[in-house]
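Only one structure is covered here, and it is reproduced in the block below.
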Amino acid sequence: MADKAVSEEASMDGQAPKPTSIPVTDNTVWADASPLLDAACIGLRYGELIHGDNFNLFAAMSALEIMDPKMDSGIVCRYYSIDEAIENGAAPVPISLDSTIDVQCTIDIMDHLLACEAAWHKGHSLAQTVFSCIYLLRLDRTASHALLHSYGRVIRATCKAVLSVVSDARTHEEEDLFTMTYGLPLNGDGDEKCLSMLNAVEETISRQLRACKATSSKRRVSEDLEPLQYNPNLEEGFCKALLCRLRFRKHFFHVLTCMKRPQGRGLELARKHIASCISELEFILKSAEFLQSCSGESCEDDIDDKTTASGREPIGFDASLNSRLSAPTPPRAIKILSWKKAVEYFVKLLHDLDVICSYSLDPHLENLLRFVVQFQKSQPDLVARSHLQLVMNLLKILCTNAAWQRRKLGKILQDWRVIYLQLELALRNEFGEVSSSSNDENICMKIFQHILIWVEEQTYWIACRFLMLGFELELYSASEYCMVYWYSYAVLIKLAEKTHLKMAVSYDTAKRKGKKKRDSPKDLVRESRIPPAVLFLQCYICLAEGLTMMLAALRNEFMILQSPSPFNTEQEKFVQHFELLQRACIPDHASYLSFKESTTHARFSTLVMYNYFKDAQRIAKEVKSSFSNDPDRLAELRKLEQVAEHNSVALNLICRLGALDPSLKVSFEFSHHPFFATAVVRRS
């Protein structure tokens, strides 16, 4: 640790000064510890460490490595305080006395802030991303710079709005650093007027743009309007580059405020602002060519890695200033997203928010659950998931990321099972035999039965979702697919059974309300027909059973997909994957023994006689017409049909050539569906 260091003033090109010494006060004396550390290094062998007598493994896990930037939160790369950074010219106001350079640098700051904001949304700390901007840390200093000041205020207000949404939704458990503000200046006086300030600046720049595009006769009228900068050849390009950035900020803030309005009253207006945001992002991307031509930087090769559209390094940022605010955890090594990646992130975020806003507030839980699951397929980030959040526990779980979601679903399965058992017990105790009940008691009993069936259906839906998420998270190896599809088949059978029962009870209730004296032939036909929702599940069932038997036959006849582990037996793997389901008895009697009994005798000769994939293909084609108004279900059916068709062809090929051609190799890919695998047959 050096006791002195030379300081330099910051230059206008944004280069940082060398670090200065730690200030000495009356109560502190700094000594150079370098000789002591050098001597210790010479005396220590590789892997050794100096420690006291009471040092143990727990302490070792909590220890910090001194002078390691990733571990030592006290190490400083540039400055020891914000004031020192400002005194050394790290964030000058104005940025430059040359108005052209000032505008260029301001745009660079805007672009880098966008990249920092995207990195924050991705889970990094606010202190080391957005608030690595020195201008934001001392925003009052920028009051004389209307453009930078108004932009800084709307950034600060946006961060506060996003934090509010995520904190209220409580979906931030997996990104625990997101909501930590570390005492940062988020609550500034007058931030509620940030949009009016931004609008005033936008109007001024719009007038400057009109003035530079005006004819010579009209330009005389605008001579009293000072231009943005004094190079007439660059005026129009800079005005357009600034306007699209300011307008994006304005519309994005409107999106956040509209979506927070109670009872979905602002969702329609939010969609209009989302469309405007996406449009402005397109203009922002188009401005890159002009800004790069103005920068004079020769960075064509690595422009994709830059955090600004111009390719220049921004002025006024230092992530190390707030690194000590991250205690008690060591500062994370943060890689800010590139400018292009940040724009891509915001485009995706806006599309996700548009999906949320476009959803009608449907009172049917089944439709709502299906919408949430469909929404999660796009892998939305934390901010989008937070806007989707509702108060119900199951929906809260579905709004988390896939890994957290699966963990929580497994845990609540037992709760749902207990609810079902308690309801069933209450039903028996309350009503006993149906024949001895009065009419009023019969009505109450039917209500109980409705609830009982619905709870059981939801329980199996959760179990099915739990199993499918394992494929998304790549928790299953190819040798375990057989047992997973077998268990999925058992759960899907019960889910289809309960869904069909619920729909039958609902139809019976509606029929009684109609008070028909006798059934018409049409009613009898309708009663005997299997509902489309059940046929949809039947398609899943056929694929799960077909894949189970195909995988079992490959293992039994060709010794394929057998990978004995030195650590776990197949039974232990079965328990590891399905322990949470087994504890909740979902479904009943689904044990490792029954799995072995079901698959030990699987042979391709039997599979050809009864082709499950052909059945799945047929059902998918037949049921399509029932979902003509549901594009998500139609897309899912097309995927299932492709899986069934390819697996049917692969099955026939294996049966014809498998025993005759030892070079035949079978593998499984998820090229057509994320959960149902497709068999690929090749010659080695």
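For segment 82-355, the share of accessible area belonging to carbon and sulfur comes to 50 percent (1.4 Å probe, ligands and nucleic acids excluded).
Please arrange 407, 683, 249 by accessible surface area, largest first, computed with a 1.4 Å probe and ligands excluded. List each step's numbers first, then the result.
Working: 407 120, 683 155, 249 0 Å².
From most accessible down to least: 683, 407, 249.
Segment 79-162 gives an Rg/Rh value of 0.96, both radii derived from C-alpha positions and Rh following Kirkwood.
Our estimate of slack between residue 556 and residue 275, defined as 0.36 nm per intervening residue step minus the Cα-Cα distance, is 95.5 nm. Residue 502 contributes an accessible area of around 40 Å² to the protein surface, as traced by a 1.4 Å probe with all chains present.
Taking the Cα centre of segment 82-355 as origin and assigning +1 to Lys and Arg Cβ atoms and -1 to Asp and Glu Cβ atoms, the resulting dipole is close to 1020 debye.
Other residues within the sphere of radius under 13 Å centred on the Cβ of residue 347, judged by their own Cβ, net out at -3 (K and R +1, D and E -1). With both labels modelled 7 Å from their Cα along Cα-to-Cβ, the residue 402 to residue 428 distance reads 4.1 nm.
When peptides 85-92, 491-498, 543-550, 597-604 are sorted by average Cβ neighbour count within 10 Å, with the highest value leading, the order is 543-550, 491-498, 85-92, 597-604.
Annotation: residue 357 carries an accessible surface of approximately 10 Å², with a 1.4 Å probe and no ligand, DNA or RNA atoms counted.
What number comes out for the charge environment of residue 585, summing +1 per Lys or Arg and -1 per Asp or Glu over other residues with Cβ under 14 Å away?
On the way: positive: 417, 494, 583; negative: 415, 424, 456, 579, 588.
Computed value for this residue: -2.
Name the shape class, rounded, prolate or oblate, that the alpha-carbon gyration tensor gives for segment 567-684, where a ≥ b ≥ c are the square roots of its eigenvalues, rounded holds for a/c under 1.5, and otherwise prolate holds if a/b is larger than b/c and oblate otherwise. Oblate shape, in that a/c is at least 1.5 and b/c is the bigger or equal ratio.
Direction-averaged projected area, Cα convex hull, segment 82-355: 15.7 nm², rounded to one decimal. In this structure, residue 671 and residue 572 have a Cβ-Cβ separation that, at R0 = 35 Å, corresponds to a calculated FRET efficiency of about 0.70.
Summing +1 for each Lys or Arg and -1 for each Asp or Glu among the other residues whose beta-carbon sits under 9 angstrom from that of residue 307 gives -3.
List, in the order given, every pair from 272/639; 240/348; 411/502; 573/596; 502/614 whose Cα-Cα distance in the structure shown is over 22 Å.
Values: 272/639 33 Å; 240/348 24 Å; 411/502 25 Å; 573/596 13 Å; 502/614 28 Å.
Cα-Cα > 22 Å for 272/639; 240/348; 411/502; 502/614; rest within.
Backbone phi angles across segment 243-249, fed through the Karplus curve with coefficients 6.51, -1.76 and 1.60 (θ = phi - 60°), yield HN-Hα couplings of 4, 5, 6, 5, 5, 4, 4 Hz in residue order; Gly and Pro are listed as x.
Between the alpha-carbon centres of segment 223-291 and segment 540-606 there is a gap of 56 Å.
Per residue, the accessible area of segment 82-355 comes to 44 Å², computed with a 1.4 Å probe over protein heavy atoms only. If R0 is 30 Å, the Cβ-Cβ spacing of residue 50 and residue 82 corresponds to a FRET efficiency of close to 0.30. Here the gap between residue 625 and residue 366, fully extended at 0.36 nm per residue and compared with their Cα-Cα distance, gives a gain of 91.2 nm.
The values are calculated or read from the model by the stated rules, or taken from the named source; none is laboratory data. Computed from a prediction, not measured in an experiment: that's the story for all the values here. Note that each Cβ is placed from the backbone with ideal geometry, even for glycine, and that neighbours are counted across all protein chains shown. Note: areas computed on protein heavy atoms with side chains; ligands, DNA, RNA excluded. Shrake-Rupley method; radii C 1.70, N 1.55, O 1.52, S 1.80 Å.
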